[in-house]
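Notes to accompany the following structure.
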Amino acid sequence: MGALTGKTALVTGSGRGIGRAIAERLGRDGAQVAVHYNGNADAAEETVARVEAAGGTAFAISATMGVPGDAEALWTAFDARADGLDILVNNAGTDGIREPIAGTDEESFDRVFAVNTRAPFFVTKLGVERIRDGGRIVNVSTGLTRGAYAPNLLAYTMTKGAIDVLTSVLAKELGPRGITVNAVAPGAIDTDMNADWLRTDDGWAATAARSPLARVGTPPDVADIVGFLASEDSRWVTGQWIDATGGALL
Ligand SMILES: NC(=O)c1ccc[n+]([C@@H]2O[C@H](COP(=O)([O-])OP(=O)(O)OC[C@H]3O[C@@H](n4cnc5c(N)ncnc54)[C@H](OP(=O)(O)O)[C@@H]3O)[C@@H](O)[C@H]2O)c1
């Protein structure tokens, strides 16, 4: 029996990247996993297949985040397949425009906030109505909210700063129900999101050099932290911002 046997988890944006690794980890631990995706159905089905190949159970649901009614659409799809919720992982996100303040226009600013901040806020609002006492909420933030080393990701970093606040404030409200709320803050992780610069010789070397562990982080590096935060072992940890940068902020 796994640590999460009998639990149901929803991982947004788990067709690819960090979310896929989280879905695989929670599935290995015994949870039934709802694999949410936007448009890449093949990737989501591959995540489901991986969970099942490891002996777990999973199903895919699609909903576009960052548009009116996004949270309702997500939960309608979830409710059709699952009976209640124990673990919510707000992972889906976009890096948006890669410009410092001078190059950031209103449309790009609103777009990245709609996907990264507004959507998880309302997904969580409706998730709180469903999540059982003793549940877990994990929000995927970024090391940039404390590292401030990417001026060209200012708007993106601001979206995640709001997620950090959501994490600590909501932890106070939900604590009496035994529900913990934590944020995981990855440094640069090898995924599609940053492949254009990270998967270059210079980008790879510079990123590895930032960590005392002298390598680039992988999706499972983050997923294993989420696995802990989703488990009973983390019951005394709430409202926290967990550094998942491999020590890059030291
Ligand atoms: N990679 C990093 O270096 C890094 C560092 C710090 C924090 N993060 C955070 O970690 C999370 C995952 O990032 P990642 O690198 O794994 O990204 P990724 O490989 O680009 O995958 C993004 C996932 O989010 C989904 N998604 C994106 N926009 C969406 C939208 N508008 N509506 C619904 N779903 C949407 C995608 O769905 P489809 O597959 O259907 O397109 C995909 O499953 C994000 O919140 C990101 O900000 C990443």
**Complete:** Checking 114, 31, 58, 44 in turn, the sole residue that is under 19 Å from the mean Cα position of the chain (by Cα), touching a residue at least 12 places away in the same chain (Cβ under 8 Å), crowded, with 20+ Cβ neighbours inside 10 Å and within 13 Å of the ligand (Cβ to nearest atom) turns out to be 44
**Asked** Checking residue 22 against (1) in a loop (DSSP other than H, G, I, E, B); (2) within 16 Å of the ligand (Cβ to nearest atom); (3) touching a residue at least 40 places away in the same chain (Cβ under 8 Å); (4) not aromatic (Phe, Trp, Tyr), which test does it fail?
**Response** (1)
**Options 39, 69: the member that is surrounded by fewer than 18 Cβ atoms within 10 Å (Cβ to Cβ) and on the phi > 0 side of the Ramachandran plot** = 69
**Request:** May I ask you to list the residues in the range 168-180 that are out of contact with any Gly (no Cβ under 6 Å at 6 or more places or on another chain), over 18 Å from residue 146 (Cβ atoms) and either open to solvent by 40 Å² or more (accessible area, probe 1.4 Å) or β-branched (Val, Ile, Thr) (or both)?
**Result:** 172, 173, 176, 177, 180
**Item:** Residues located in the range 117-158, provided they are among the aliphatic types (A, V, I, L, M) and within 13 Å of the ligand (Cβ to nearest atom)
**Value:** 119, 123, 138, 140, 144, 150, 153, 155, 158
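Going by the structure shown, is residue 16 surrounded by fewer than 24 Cβ atoms within 10 Å (Cβ to Cβ), among the basic types (Lys, Arg) and touching a residue at least 24 places away in the same chain (Cβ under 8 Å)?
yes
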**Prompt:** If you go through the range 208-241 one residue at a time, how many are open to solvent by less than 60 Å² (accessible area, probe 1.4 Å), assigned to a loop (DSSP other than H, G, I, E, B) and touching a residue at least 40 places away in the same chain (Cβ under 8 Å)?
**Reply:** 5
**Prompt:** Quick one: how many residues across the range 131-169 are touching a helix residue (DSSP H, G or I) at 6+ places or on another chain (Cβ under 7 Å) and modelled with pLDDT of 95 or more?
**Reply:** 22
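The values are calculated or read from the model by the stated rules, or taken from the named source; none is laboratory data. What you are looking at is a predicted structure, and each value in this text was computed from that prediction instead of being measured. Using ideal geometry, Cβ is built from the backbone for each residue, glycine included, and neighbour counts are taken over all protein chains shown. Just the protein is used for accessible areas: all its heavy atoms, side chains included, with ligands, DNA and RNA removed. Shrake-Rupley method; radii C 1.70, N 1.55, O 1.52, S 1.80 Å.
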